[in-house]
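Take a look at this one; I'll ask things after.
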Amino acid sequence: MDYLRSDAAPKKELYDFNFRFYKRFNVDSISTEVQKLNEEWNLDKFRQNARYPERRNPHLYTHTFTIQNHSIDWQFGESIHSEVKDPRMLDVVSEIVKDLELMCNGESGRVLLIKLAANKDVSEHTDKGDYLSTVRRFHIPIITNDLVSYTVNGERIHMRQGECWEINNLKSHSVLNSSDIDRVHLLIDIFPESKTNSIDTSDEDKV
């Protein structure tokens, strides 16, 4: 589908928030599956291998497991084309994805598991481009501890396991893992008000 009209582009940069807490999910089954991942973390290095001409790659110390992908070069007015990379893992996280799609009246874009190495950081940066300026970005900690913090626009919080937080990625943000344990978040991007759900809900409508 074509995403709304060009003159209806959401102005997320005007949103006056840093974090928004949505709800808490039970992520025990996801955590179990994540702990089985090993070499799979090295299959997709698009984030940590990205080049930034004027600064260090903020995602240098992360590893990504791609559940569902979408082009970061998407431009407003183009069709939404998300590509499922791991159907089995998508099934594991589908309850959360569907919940967020329904809440945003939208369609999921990127669905990623992101591991931040122990005693490392995601350096301060601001996201840009039509895709990152349009989607609502949600983080759900799967493996974390009290020594992990997330900062947006100077506001610093600790996200507990299973908590679902929307971040304003158009403001300066960073992550610090001061622990000896790798941190893993589930990241879900939602195209808001796209009025199309990628997770089939047809069975719920049957009596």
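Please treat every number below as a calculation from the coordinates, not as lab data. Predicted, not measured: the structure shown is a model, and the values here were computed from it. Here the Cβ is made from the backbone with ideal geometry for all residues, glycine too, and neighbour counts use every protein chain on show.
What does the charge count near T151 come to, summing +1 for each Lys or Arg and -1 for each Asp or Glu among other residues with Cβ under 11 Å from its Cβ? Provide the component values of the computation, followed by the final result.
Details: positive: R156, K171; negative: D121, E124, E155.
After counting each charged neighbour, the total is -1.
Right, here's the next one. Which whole-number percentage describes the relative contact order of segment 10-87, with Cα contacts under 8 Å and a sequence gap of 6 or more?
Here the relative contact order equals 21 percent.
Could you list D121, D73 in order of exposure, starting from the residue whose Cβ has the fewest other Cβ atoms within 10 Å? Walk me through the intermediate numbers first.
Working: D121 17, D73 9.
In increasing order of surrounding Cβ atoms, one gets D73, D121.
Could I ask something else about it? If neighbour count is taken as other Cβ atoms inside 10 Å, put F25, F191 in order from fewest to most. Let's see the in-between values first.
On the way: F25 19, F191 27.
By the 10 Å Cβ count, ascending, the order reads F25, F191.
For Kirkwood radius over Cα pairs in Å, several values are listed as [x] 20.4; [y] 23.8; [z] 17.5; flag the one computed from this structure.
Working out Kirkwood radius over Cα pairs in Å from the coordinates points to [z].
When the chain is modelled as a GNM with alpha-carbon springs shorter than 10 Å, which of E40, E83, E101 fluctuates the most?
Among E40, E83, E101, the largest mean-square fluctuation in the Gaussian network model of the chain belongs to E40.
So what is the 222 nm mean residue ellipticity for the chain from helices alone, if each DSSP H run of at least 4 adds -39500 (n - 2.57) and you divide by all residues, rounding to the nearest 500 deg cm²/dmol?
That calculation yields -4500 deg cm²/dmol at 222 nm.
Okay, next question. Among all lysine pairs in segment 6-150 that are eight or more places apart or on different chains, how many have alpha carbons less than 15 angstrom apart? Each step should come with its number before you reach the end.
Values: K11/K128; K12/K128; K23/K98; K36/K115; K45/K85; K45/K115.
Summing the qualifying lysine pairs gives 6.
Have a look at L43, L102, L116 and tell me which one the Gaussian network model of the chain (Cα, springs below 10 Å) gives the largest fluctuation.
Ranking L43, L102, L116 by mean-square fluctuation puts L43 first.
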